[in-house]
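Below is one structure, written out as structure tokens, with a few remarks after it.
The values are calculated or read from the model by the stated rules, or taken from the named source; none is laboratory data. These numbers come from a predicted model, not from an experiment. Cβ placement follows ideal geometry from the backbone for every residue including glycine, while neighbour counts extend to all protein chains displayed. Side chains included, ligands, DNA and RNA excluded: accessible areas come from the protein's heavy atoms. Shrake-Rupley method; radii C 1.70, N 1.55, O 1.52, S 1.80 Å.
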Amino acid sequence: MRSGAKITGRRAQRLRYRLLPTVLLAAAILVVPAVLYAWGRSSSSFAVREITVTGAERTSAGALIRHLRTSFVGGNLFTVAEAEVAEALASFPYVARVDVDRDFPSTLRVAVVEHQPVANVLATGGWYVVADDGYVVFRMGRDGTPAAVGTAATASAAPEPSISPSPAVSAAGAPGKSTGTQGLTSERRERLKVGPPRAAPRLPRFAVPGALTPGSYLRDPRTRAIFSALDALPAELQHRVGVVDASPEGQVSLRLAPRLEVVWGGGDRARAKAIALRTVLARYAAEGVSCTFVDVTIPDRVLARPILK
């Protein structure tokens with residue numbers, strides 16, 4: 001019995017010896033990074049000396065770097081948080097979010113993701129730039145530059161504008177379909193036709209009733225219908241879009257330069273509508289005739305003017 005106990009004891013001792021390196025390795029994996037992190041947070045060896053910015057297209061990267069340098073140069077690279085960088089850049093309206101990377105020992109790398117502007121929107125108080133997700137980026141000043149900006153705080157707190165129905169008038173001016181521009185005063189209708197100041201980005205434009213708040217969102221059905229039509233429009237035509245309109249029911253019409261009205265209709269069969277529009281305009285171009293009106297509401301039965309012989 002004593003011999004068996006001795007053998008069992010030896011086996012247990014050998015097992016402990018085998019486990020010891022594993023335990024020590026696990027302790028090292030857990031403890032060493034924590035020690036290094038604690039040392040790094042207090043060491044002047046990791047002070048921020050250089051800042052780089054990538055991804056900025058609508059905002060000057062140099063301006064972003066200069067702004068960040070005032071807040072972070074000299075600080076500890078370990079302690080820089082993405083939330084702090086985002087807060088520091090909140091005054092730049094096109095900056096949607098940031099990704100922070102630390103290039104040790106002393107470089108802070110910031111990747112900027114910007115809002116993608118898709119429309120100029122006329123509301124009470126002036127012109128606004130709105131992004132492709134409905135985010136109200138900023139209100140334009142007299143020179144087209146931002147006059148007011150939103151922040152992460154206002155983006156979550158600001159109410160979403162409501163879109164009230166307009167009188168029933170068709171896109172061609174006859175009774176039938178309700179559109180958003182029919183409720184505008186003659187002054188606002190002229191402002192919508194002319195567009196925002198020249199310094200502003202030249203984008204498709206539409207009007208909404210009431211005021212907008214930078215940092216809020218336009219997500220009403222009418223706006224969604226407009227954005228859906230703009231997204232589906234053939235790429236070669238998108239830069240020609242001027243005034244866009246939609247009824248509360250989502251029936252969209254677009255005016256393209258130089259003199260073309262497109263009745264898009266609802267959001268169904270968007271790809272078929274895009275193909276039909278491109279095909280019709282190509283046929284008119286081949287005939288040497290300028291097309292002034294196309295209705296692709298039913299893409300299988302397109303209506304166009306003038307009528308080709």
Of all the residues that make up segment 199-251, how many are at positive phi and either under 19 Å from the mean Cα position of the chain (by Cα) or open to solvent by 50 Å² or more (accessible area, probe 1.4 Å) (or both)?
-> 1
Among the residues of segment 260-302, which ones are assigned to a helix (DSSP H, G or I) and open to solvent by less than 40 Å² (accessible area, probe 1.4 Å)?
-> Ala270, Ala272, Lys273, Ala274, Ala276, Leu277, Val280, Leu281, Tyr284
Got at least one residue in segment 79-99 being in contact (Cβ under 8 Å) with a residue 12 or more places away in the chain, part of a helix (DSSP H, G or I), surrounded by fewer than 14 Cβ atoms within 10 Å (Cβ to Cβ) and among the aliphatic types (A, V, I, L, M)?
-> no
Within segment 184-198, is there a residue that is modelled with pLDDT under 80, assigned to a loop (DSSP other than H, G, I, E, B), open to solvent by less than 50 Å² (accessible area, probe 1.4 Å) and within 30 Å of Arg305 (Cα to Cα)?
-> yes
Please go through segment 233-259 and pick out each residue that is among the charged types (D, E, K, R), outside any strand (DSSP E or B), touching a strand residue (DSSP E or B) at 6+ places or on another chain (Cβ under 9 Å) and in contact (Cβ under 8 Å) with a residue 24 or more places away in the chain.
-> Glu249
Among the residues of segment 103-130, which ones are surrounded by 15 or more Cβ atoms within 10 Å (Cβ to Cβ), out of contact with any Pro (no Cβ under 6 Å at 6 or more places or on another chain) and not in a loop (DSSP other than H, G, I, E, B)?
-> Leu108, Val110, Val112, Glu114, Val118, Val121, Leu122, Ala123, Gly126, Tyr128, Val130
